[in-house]
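Right, one structure below, let's go through it.
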Amino acid sequence: MGIKGLTKFINDRSKTYFENFDLHDCNLIIDGHSISCQLYNWKHWHFDTRSANCYGGDYDKYAFAIEAFFRNLSEVNVTPYVVFDGGFEEKKLPTIMKRMQDKINTADKLNPTYENENPHHVVFPLALREVFKDVVRERDIPLAMCIYEGDTEIASLAKELNCPVLTFDSDYFLFGCKYIPFNSIDNKVLTRNGRSGTYKCIQCKLYEIEKLLSDYRGLREETLHLLPVLLGNDYIDESVFIPFLNSIHIKDMSFQRRIHSLLLWLRSETLESAIQKILSHFKNPVQRNSVLDNIGKIISGYYYTDSNLKKYFNIEPTKGNKNNKPFNFAALKDKILKDLGTDRTPVEENEANATENGINTNPERNHHLLLENKSQNPISKVFTTNYSKCKYPSSFMDILTQNKYYCIPQVEDHAKKHSHIHSLELLCSIHKILTNSAASEFTVVARDVGTSVKCFVQEKYNLEVPNLDEFEQKPLNERRKVLYDILKIDSSIELVLDRVPEEWHLYLIALNPDRSIDVDKNLLHYMAQVQKNLCKQRKKFFG
């Protein structure tokens, strides 16, 4: 989700922390979740990729922008590996719900005039990431999806391959891997003269953490990981640390000065001494333990792991990889608590809600939003493999682990019910297939009439459907039969579909499932001409 204010802080000192970089002849780890959005907003083309955003976007222009971007990478001999985020983690759900509400509010205002006056207010098209994945697959670019958030895996892969990460996320200023911010990359391929001849490259900016560490002499990378703790994050609200910030006289500073002052303070501390001084302002042992646990979760996320995605990229595991640094937080926690005279004795539940100086450190402070991933739904090997290969959308993990589906906000008439209502029965059938009928309740989180977010509990899906493992083992014609049954379409439609190109199947099914469809030669000829003319127009428009 990024670190508040850090991108501006680094950009304001770009001459110190960035270097001009010619991107060519290397591997490149691409944050698919971020770059799919950044390309939609990219202003480097002779057309506006986002045109008609208030009408749902233009997928044709967007697909061309993706194709052109990856063609440029291919021209400079860059090998991309695309990694996507997976499902939502419990810690992120309050932020996710807030962003969902923000998108609904933006969609409510969006019209051509508002879009021109507020270019940074965007409501992404419903199929944005699926279009991005389709283009990536068409170009035979390897891609994979993490189970949940992918930052740590992306950084670990970059360290493993000793190559940069392309994304736009301030967390990467602290990961220790080479980082290329997307807004620094050019869309032109240049030819340079090198020692061994000419080469083609793309200009961009490169960030390496060593420049920040050397600028604040004495600052250690492990201690730097406390910066997002003290600035506020998805685990702990920044208000929790007001007593500590007051003690070092930086609470009332502007955010940019606060970052600078925190870095100055951190450079004179070790990780252990810094945590001890922070915790000394929490007298309640329950509160102290809670804060320390959350600090551990945050800083552990910046340590490298042996990525599970390497097998999907055909990357050979490296024995004894020094980048996969073990971090034993449990041992550090025991030592810190011992030095502070606090033990780890469990406490009663009512004591866990204790507050001090009006600061509630109970992690359930947003209990109406925090949704624990405690479903009893089994996760099969088939699901994990196909999910990691991006064969399923990321929302399938939410359905499986939370029994919930989060509807992407769209530009629509907010005086009426949300447009996703037409797919609720289909979503319920997917839930039943994924969960093997184990879950009794399925919830859809969507816009209510108006602009508020609401949880809609769905009725139990009664149609008999196979579980996921059974479904994947069925031949294609039987899987189609399951789909027709779910959509209440007569399977005789196959006789019609066999006579038209596969690209038109979904369109014909959607025409009117309650009425038989007859297709004659004239219609087939017309469809072929439309497709041909569309291709010509597209080529003429994009050049």
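What to note about this one:
- Karplus-derived HN-Hα couplings along the range 440-452 (A = 6.51, B = -1.76, C = 1.60, θ = phi - 60°), whole Hz, x at Gly and Pro: 9, 9, 10, 10, 10, 9, 8, 6, 7, 4, x, 10, 8
- Measuring r between the beta carbons of Glu130 and Asp22 and using R0 = 45 Å, the FRET efficiency lands at 0.85.
- Note, ³J(HN,Hα) from phi for the range 243-252, Karplus 6.51, -1.76, 1.60, rounded to Hz, x at Gly and Pro: x, 5, 4, 5, 5, 10, 6, 10, 4, 8
- Backbone N within the range 470-500 under 14 Å of label point (7 Å from Glu464 Cα along the Cβ vector): 482
- Between the amide H of Ile30 and those of Tyr81, Val82, Val83, Leu166, distances stay under 5 Å, these residues lying 5 or more places away or on another chain, with hydrogens modeled in the peptide plane.
- Sites matching trypsin sites (Lys or Arg not before Pro) across the range 1-34 that sit in DSSP coil, with at most 14 neighbouring C-beta atoms within 10 Å: Arg13
- The range 86-151 shape via C-alpha gyration tensor axes, a/c threshold 1.5: oblate
- Ordering of 419-428, 153-162, 291-300, 269-278 by packing is 153-162, 291-300, 269-278, 419-428, highest average first (other Cβ atoms within 10 Å, averaged per residue).
- With θ taken as phi - 60° and the Karplus curve 6.51 cos²θ - 1.76 cosθ + 1.60 applied, the whole-hertz 3J(HN,Hα) list for the range 161-172 is 8, 6, 9, x, 10, 9, 7, 9, 8, 5, 4, 6 Hz, x standing for glycine and proline.
- Computed extension gain for Asp102 through Leu340, at 0.36 nm per residue and net of the alpha carbon distance, reaches 81.5 nm.
- Beyond 23 Å in Cα-Cα separation lie the following of the pairs Lys92/Lys454; Lys297/Lys335; Lys92/Lys297; Lys205/Lys297; Lys92/Lys211: Lys205/Lys297; Lys92/Lys211.
- Footprinting exposure proxy for Thr401, Thr16 (fewest neighbouring C-beta atoms within 10 Å first): Thr16, Thr401
- Ordering Tyr40, Tyr484 from the fewest to the most neighbouring beta carbons within 10 Å gives Tyr484, Tyr40.
- The range 40-184: relative contact order as a whole-number percent, Cα under 8 Å and 6+ apart: 26 percent
- Listed from fewest to most Cβ neighbours within 10 Å, the set Ile242, Ile433 follows the order Ile242, Ile433.
- Around the amide H of Thr305, modelled in the peptide plane, lie the amide H atoms of Ser156, all under 5 Å away and 5 or more residues distant in sequence or on another chain.
- Between Ile408 and Ser247, the FRET efficiency estimated from the beta carbon spacing at R0 = 35 angstrom works out to 0.20.
- Taking other residues whose beta carbon is less than 9 angstrom from the beta carbon of Ser491, and scoring Lys, Arg as +1 and Asp, Glu as -1, yields -1.
- Cα→Cβ-extended label distance, 7 Å offset, between Ala415 and Ser239, nm: 3.8 nm
- Applying both filters, DSSP loop and at most 10 other Cβ atoms within 10 Å, to the trypsin sites (Lys or Arg not before Pro) of the range 213-272 gives Arg217.
- Given Lys188/Lys311; Lys8/Lys43; Lys251/Lys283; Lys391/Lys416; Lys61/Lys310; Lys4/Lys251, the pairs whose alpha carbons are separated by over 22 Å: Lys188/Lys311; Lys391/Lys416; Lys61/Lys310
- A straight line joining the Cα centroids of the range 99-135 and the range 158-208 runs 28 Å.
- Annotation: amide H of Glu89 within the under-5 Å range of Glu149, sequence separation 5 or more or interchain, hydrogens built in the peptide plane.
Every number in this text was worked out from the coordinates using simple rules, so none of it is lab data. Just so we're clear, the structure is a prediction, and the values are computed from it rather than from any experiment. Cβ coordinates were reconstructed from backbone atoms using ideal geometry, including for glycine residues, and neighbour counts include every protein chain displayed.
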